[in-house]
Amino acid sequence: MTRDEIRESYRNKRSELSTEQCLYFSQVITNNFLKNWDFEGKTIDCFLTIHRMKEVDTSALINRLQKKNQICVPVSNFNNNSMRHVLLNDHTVFQETTTGIPEPVVGEDVNIKDIDVVIVPLLAVDQNGNRLGYGKGFYDRFLAECKPSAIFIGLTMFDIHDDFTDIDPYDIPLHYVVTPKGILKTGVEYEGETDK
């Protein structure tokens, strides 16, 4: 299957999920994540859920991680397919964009080099950490700018896909993938170590 065919296949799988299934899988993924890590004292960048795309709901995960860490979230610039990263606090106000992405209205920007952990959305991922997103390249550009010790963790409601055969040279692989069944370490090397 080509990248576009895999992307379309997983879009269809997601569309077939009920609201109840999405909530259940999101809860299990959150529990699996928190059983393995709390990353105390780290700066963590986490995506905010696009509910109409039936992404993993990260709200509970963010709330838990925020007790021991600095959490920032991406704000997308569709003019150049880039992102900046805004620190969350108790007073952050969100506004949904025309693409359905909830984003902070205002907030303090975080330097990419200060981010220790990135929690990444995806449509599909293989056992080597190669991910497929929506095809705009936002996350590949962002991950390429992160420090070598940063840890990249993908969240998915589905099983790991067979190895992708047509990997883009600009793709940045993930270090870990969290699914309802548990956690996969992909074997991709990084300079940092996880904190339990």
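Annotation: amide H of C72 within the under-5 Å range of I44, D45, C46, L88, sequence separation 5 or more or interchain, hydrogens built in the peptide plane. Distant-in-sequence amide contacts of L122, defined by a placed amide H-H separation under 5 Å and a gap of 5 or more residues or a different chain, comprise L155. Result for the chain in a Gaussian network model with C-alpha springs under 10 Å: among R64, R11, R52, the largest mean-square fluctuation is at R52.
Restricting attention to the chain, lysine pairs at least eight places apart or on different chains and with alpha-carbon atoms under 16 angstrom apart total 15.
Of (i) 7, 15, 12, 11, 10, 9, 8, 7, 6, 5, 4, 3, 2, 1, 0; (ii) 9, 38, 41, 13, 0; (iii) 8, 30, 30, 19, 11, 3, 0, which one was derived for P(r) over Cα pairs in 10 Å bins from 0, in percent from the structure shown? The value matching this structure is (ii). Length gained on full extension, D4 to Y134: 45.8 nm, using 0.36 nm per residue less the C-alpha separation. Under 5 Å between amide hydrogens, built in the peptide plane, is the criterion, and for S82 it picks out N77 among residues at least 5 positions away or on other chains. Distance from a point 7 Å along Cα→Cβ of E108 to each backbone N in the stretch 45-75: keep the residues under 20 Å and list them by number. Residues 45-47, 62-75 qualify, since their backbone N sits under 20 Å from the label point. Considering the zone a paramagnetic label at N80 would reach in this model (a point 7 Å from Cα along the Cα-to-Cβ line), which residues of the stretch 123-167 have amide N under 19 Å from it? Only 136-147 pass the distance filter. Taking 0.36 nm per residue of sequence separation and removing the Cα-Cα distance, the T99/E40 pair yields an extension gain of 18.0 nm. For the stretch 92-105, backbone phi angles converted through the Karplus equation (6.51, -1.76, 1.60; θ = phi - 60°) give residue-by-residue couplings of 4, 9, 10, 9, 7, 6, 5, 8, x, 8, x, 9, x, 6 Hz, Gly and Pro being listed as x.
Using the Cβ-Cβ distance between Y24 and K181 with R0 = 22 Å, the FRET efficiency computed as 1/(1 + (r/R0)^6) comes to roughly 0.95. Its DSSP H runs of at least 4 residues, each contributing -39,500 (n - 2.57), put the calculated 222 nm mean residue ellipticity of the chain at -7000 deg cm²/dmol, to the nearest 500.
Bear in mind these aren't lab numbers, they're just calculated from the coordinates by the rules spelled out. Model, not experiment: these values are computed from the prediction. Note: ideal-geometry Cβ built from the backbone for every residue, glycine included; neighbour counts use all protein chains shown.
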